[in-house]
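Before any comments, here is the structure.
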Amino acid sequence: MKPMWVFRYLVSAAWVLVLLFWIGGKWQETSLPATYAASDSTQAQAVACWDCVKVLDPVVIQDGGIFKMWYTGVGLDGEARIGYAASSDGVTWTKHADNPVLDIGPSGSWDQSWVRVGAVIKQGGTYHMWYTSNATGAVGYATSSDGITWGKYSGNPVFTKGSDNSWDGRFIVLIGVLL
């Protein structure tokens, strides 16, 4: 039986997965099947599983008869990154082999944690993406000629949250762009 939900807990310096199954009309928890110690090899496994915990925030455009989707994926390392998938019918999707297409920034950068897709448009031959980061609650901008290889704008972030006590002082999510 496939797991219905995956929960992640941080216990000391280890990731512990708890799988819940719907069996006999009620939720049943398995024994803790996997513990990921914070080592280089398990961190590499966590990044390889970059969207296996959750996918969210899909943005879809139709371009040349192909539906193109950018989405946020959350992996075993607890980070969110941006992936890409394509479809000829908008129903059956194929994820790009080199996902994620937009990764978190280096330690200390404004987007060092949880990058989430906000909006993607295509103007002429260029794709434009606006994305948010939970690290600072700000909005960044990136461009691409193919929708897969993205260059982050060197002046990021392009929009920041308000002061701590203002209505927009926590973070910014769910942005949109209209032409």
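No value in this document is a laboratory result; all are computed from the given coordinates. No experiment lies behind these values; they were computed from the predicted model shown. With ideal geometry, Cβ positions are generated from the backbone for all residues, glycine too; neighbour counts draw on all protein chains shown.
What the table shows:
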read-out	value
Segment 100-179 - Rg over Rh from alpha carbon coordinates, Kirkwood radius	0.98
Mean Cα-pair separation over length for segment 92-177, i.e. relative contact order, pairs under 8 Å, 6 or more apart, %	23
Of LYS122/LYS152; LYS54/LYS122; LYS54/LYS95, pairs whose Cα-Cα distance is over 22 Å	LYS54/LYS122
Positive-end residue, segment 74-179 charge dipole about Cα centroid, Cβ charges, pick of ASN156, ILE121, TRP167	TRP167
Local electrostatic count at VAL115 - Lys and Arg +1, Asp and Glu -1, tallied over other residues with Cβ under 12 Å	-1
